[in-house]
1. Of the residues that make up region 223-232, is at least one modelled with pLDDT under 95 and of a type in the set (Ser, Thr, Tyr)?
2. Given the options ALA19, ALA55, ALA41, name the one that is touching a Pro at 6+ places or on another chain (Cβ under 8 Å) and modelled with pLDDT of 90 or more.
3. Just checking, which of GLY184, GLY173, GLY149, GLY143 is surrounded by fewer than 16 Cβ atoms within 10 Å (Cβ to Cβ) and either over 24 Å from GLN218 (Cβ atoms) or over 22 Å from the mean Cα position of the chain (by Cα) (or both)?
4. Hey, ALA189 hits all of (1) open to solvent by 20 Å² or more (accessible area, probe 1.4 Å); (2) closer than 23 Å to ALA229 by Cβ; (3) hydrophobic (A, V, I, L, M, F, W, C); (4) in contact with a Phe, Trp or Tyr (Cβ under 6 Å, 6 or more places away or on another chain) but one; which does it fall short on?
5. Starting from region 193-206, keep only residues that are over 22 Å from GLU160 (Cβ atoms), then list their pairs with residues that are surrounded by 13 or more Cβ atoms within 10 Å (Cβ to Cβ) and charged (D, E, K, R) whose Cβ atoms are within a distance under 7 Å, requiring at least 6 positions of separation or different chains.
6. Do any helices (runs of 4 or more DSSP H) lying entirely in region 238-307 carry at least 3 residues that are of a type outside the set (A, V, I, L, M, F, W, C) and surrounded by fewer than 23 Cβ atoms within 10 Å (Cβ to Cβ), and which ones are they?
7. Which residues, counting only those in region 159-192, are small (Gly, Ala, Ser), farther than 15 Å from ASN135 by Cβ and free of Cβ contacts under 8 Å to residues at least 60 places away in the same chain?
8. If you go through region 93-105 one residue at a time, do you hit one that is aliphatic (A, V, I, L, M) and under 15 Å from LEU37 (Cβ atoms)?
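The values are calculated or read from the model by the stated rules, or taken from the named source; none is laboratory data. Since this is a predicted model, take the numbers as computed values, not measurements. Neighbour counts run over all protein chains shown; Cβ positions are idealised from the backbone, glycine included. The accessibility values were calculated without ligands, DNA or RNA, using every heavy atom of the protein model including side chains. Shrake-Rupley method; radii C 1.70, N 1.55, O 1.52, S 1.80 Å.
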Amino acid sequence: MRLISLRNVFILAALWFLAPGLFAQSTQPPSDDRDRLFQAAVAKYESGDYVEAAAPLEKLVKELPQSFEVHELLGLVYAAESQDTKANEHLAKAVRLKPDSVAARSNLAASYARLGKYDFAVEQFSRAQELDPANYDTNHNLGEAYIHGGNVGKALPYLEKAQRINPAAYDNGYDLSLAYLIFGKLSEARTCVQNLLTLKNTGELHNLLGQIEEKDGQFVAAENQFESAARMEPSESNLFDWASELLLHRTLDPAVKVFEEATARYPDSPRMMVGLGMAYYARGNYDDAVKAFLKGADLNPSDGRSYKFLARAYDSSPSQAAEVIDCFKKFAGLQPHNGQALYYYAMSLWKGKRAQGPSLDLRQIETLLKNSLDLDPKFAEAHLQLGNLYSDQSKYPEAIPQYVRALELNADLADAHYRLGQAYVRTGQKESAQEQLQVYQKIREQHLEDLEKQRAEIRQFVYGAKDSPSSKP
């Protein structure tokens, strides 16, 4: 999903190129030399030579501290050089010198936006819109400023007004459509995008229409739009949206194919690699899933999602134990205060070395699980596995409290009920054992819902990957 952005970040203010305009507010007499300096700065600015433009303006601003034009142009020069704090100082001075200038207010507002001060940006864009309410730019910019501030409701009227002023404006039409989508006005969003498509057929519009159809529950239409976007513009984002839409709705063979092609095109994309792993896993290709998750973890070692899905796939495909253990060991080293990282490392060791008999260091696994619980005492699965570790060593009195605590934290853990029941049997607590085994049977009967749980996890990954800042162009 593309972010709504202030596209015309700095609007070139109206500059007075004649000497009388330049020196109108100066107490010093006009000077041909000053006028030539200013004209040279304008020429350098317009040619993109900002360093050369700044030098004469820095000299002029000392001689003419009350010149609106000098402050305005110097602010624009600094902005073009990404010296945003210095730019803001001069643009603010220009507004104080000429408070009724729409362009000056707009430039100052955009400067505040560059600095992340959206409340101040909204204030200045609002003043600009009040000064020229029938202007496309003042309405469009104010609407986008409200969007950046997280206030879609206030943004809509201004984006709508800008659209009425200039229905052919692509940027405003796109942003208005996206605002409608965010606000849940799906019919208006769809109509707006369809109108834009008659003016300009782009991949990003098809992608946006796919998002609208997805939110409206029109999954076939959404997939068609995401496919159109990806074929027109095979960007990483468009390909991910298409592939993940197929994955979301269990069209697994096409999802695998698109993810495979996408990872070949974008081999350094972590979310694409994790998506491929999820598609393999959903289709039952567990060995391939493990390989993909390992690559995803290698591409982004700090992203916990790769490890969560890797652990799941590893349960069904332990053949790559050495690589998986090494991966989780690195994760635990990177995040030693992350309880889940230690848990995954413990479980990979236990599963990978279980068949090796005497070489299995149960004390190391116990220590890792205990450390995991010290960091995250409410980690139900860690309590369950610590209980299992004790049960495997016939330490049932130690295992029972771990199972009980796991079920206090998550009563739907079927394996915890079963293992607790077995531990009660071993300790002669038959009634308690029978009770736990009955609950286990009931939960097992409900595990037909496992597919829906898997789908929920896929949705969580897909929407999280789409919304993460690093995924946005």
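1. Among the residues of region 223-232, not one is modelled with pLDDT under 95 and of a type in the set (Ser, Thr, Tyr), which makes the answer no.
2. ALA41
3. GLY149
4. The number of the failed condition is (1).
5. GLY203/GLU233
6. Those helices (runs of 4 or more DSSP H) span 252-265, 286-299.
7. ALA168, GLY173, SER177, GLY184, SER187, ALA189, listed by residue number.
8. no
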